[in-house]
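We did not get these values from a lab; they are worked out from the coordinates using the rules stated. Please read all numbers here as calculations on a predicted model, not as lab measurements. A quick note on method: Cβ atoms are made from the backbone with ideal geometry, for glycine too, and the neighbour counts reach across all protein chains shown.
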């Protein structure tokens, strides 16, 4: 629905659904790559592995969830089936599962119980590619995969918040590739888990950010034209920025591993990202309005390794320190004709450059601002700048394009008595949480 006009441009027509609202609120959660590859030092297994290679010595999903909870994460997505076809649950539709491994335990069931215990949401990664299943590459395999979705999503493992579809499509054991029926796969998810968001290169709910480095675009639109893309699309570079004025609400999720690889290897203990690097990634994902999906793979015990846990906890301390010094303002107000509705700012359509100012009791050092857009009417802000009032007058301190749910911007330290946010371009009616917040973020 078109809300109004601003600067002669139509308002965004795409808006979030209820399932999107729940997803946006999560911000930061864990990816868990775990399976035979953990024990073979492979990233993509062949599907020919003896299932008995999967032999964790002390699997403890409670330990995973305790670490994730303490790290400030709100959910976890597990690779229930990777490209090798190995199922972390005893699927009746495969002979390459935990049942045949000799380990025997249902990892999905244990993780589900642990998520409930620690108050985390649970998601599943299910690769349609299957390098083990004999029916892969035939029409019957789509029936098999739908059956697997029914096993995982049918209620045994509780409510699932996200279903993560990988677009990889290689050869199966018969040398054939599969024609995936993603429309049917998506319909099955909708039927069994109506609250879950579906992720793939093409959505339909959440899109890949177009890289595995964990960074959203500095311009980050939540909208695309969804029918332009398919899972595995060669147009993935477009997904980083999204499309201004796109007709579908498909926000980006930023995936990255805490280590060099996605599955645990002892040889990669020295590649664990530093807390400083993790903070930079967080600012480039959550700080640009996206969600961060950080892969933290269990080791061969079946536990999060000490090196990974240490990095996560130091990273949490750095985030807390970053926001430890919000700057108090003595007052704030609009510098242009706008309507003030409590904590929502909705400039009228004639206001070409709506601004909001916060003033400090004394000249104050600051180097970071946080701005939040209210998205009920869609994502509208396409340009903004922040200026500071110093002894010698006003100076621009930072500027950008999109804001979205949350925009955190750091800049060189300035000493000012006032900060002013100006919206320089929008697609229609703008709504912000106000006032925007200024910080002095200690290094």
Check your understanding: What ranking of 288, 359 emerges when the number of other C-beta atoms within 10 Å of each C-beta is taken as an exposure proxy, fewest first?
Key -> 359, 288
**Study point:** Rounded to 5, percent antiparallel among DSSP beta bridges of the chain
**Key:** 60 percent
**Study point:** Pair residue 399, residue 325: separation of 7 Å Cα→Cβ label points (nm)
**Key:** 2.8 nm
Point to revise | Near-label residues of the stretch 236-266 by backbone N, under 19 Å of a point 7 Å along Cα→Cβ of residue 425 | key: 238-247
Review point. Using alpha carbon coordinates only, what is the Rg to Rh ratio of the chain, with Rh defined as the Kirkwood radius?
Key: 1.02
Point to revise | Kirkwood Rh in Å, taken over the stretch 1-146 so that all alpha-carbon pairs contribute | key: 17.5 Å
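To make sure I understand, if each residue's beta carbon is the centre and we count other beta carbons within 10 Å, what order do 161, 68 fall in, fewest to most?
Details: 161 23, 68 26.
In order of increasing Cβ crowding within 10 Å: 161, 68.
For the chain, what does -39500 (n - 2.57) per DSSP helix run (n ≥ 4), summed and divided by total residues, give at 222 nm, in deg cm²/dmol to the nearest 500?
Computed ellipticity for the chain at 222 nm equals -6000 deg cm²/dmol.
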Revision key, fill the gap. Tilt, helix 61-70 to longest principal axis of the chain (alpha-carbon atoms), in degrees rounded to tens, equals 10 degrees
Practice item. Assuming R0 = 22 Å, can you tell me the calculated FRET efficiency for the pair residue 213 and residue 43, based on Cβ-Cβ distance, to the nearest 0.05? Key: 0.85
Point to revise | Helix axis angle, 182-192 relative to the chain longest principal axis, alpha carbon, degrees | key: 80 degrees
Exercise for review: Would you mind pulling out the separation of the Cα centroids of the stretch 214-246 and the stretch 384-412, in Å?
Suggested key: 26 Å
**Study point:** Rounded, prolate or oblate (a/c below 1.5 giving rounded, otherwise prolate when a/b exceeds b/c) for the stretch 191-315 by Cα gyration tensor
**Key:** prolate
**Study point:** Separation in nanometres of the label points that stand 7 Å from Cα toward Cβ, at residue 247 and residue 117
**Key:** 4.9 nm
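Order 395-401, 291-297, 140-146, 421-427 from most to least packed using the mean count of other Cβ atoms within 10 Å.
Values: 395-401: 16.0, 291-297: 25.1, 140-146: 17.6, 421-427: 21.3.
Ranked from most to least packed, the peptides come out as 291-297, 421-427, 140-146, 395-401.
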Revision key, fill the gap. Everything considered on the Cα gyration tensor (a ≥ b ≥ c; rounded for a/c under 1.5, else prolate if a/b is larger than b/c, else oblate), the stretch 76-155 must be described as prolate
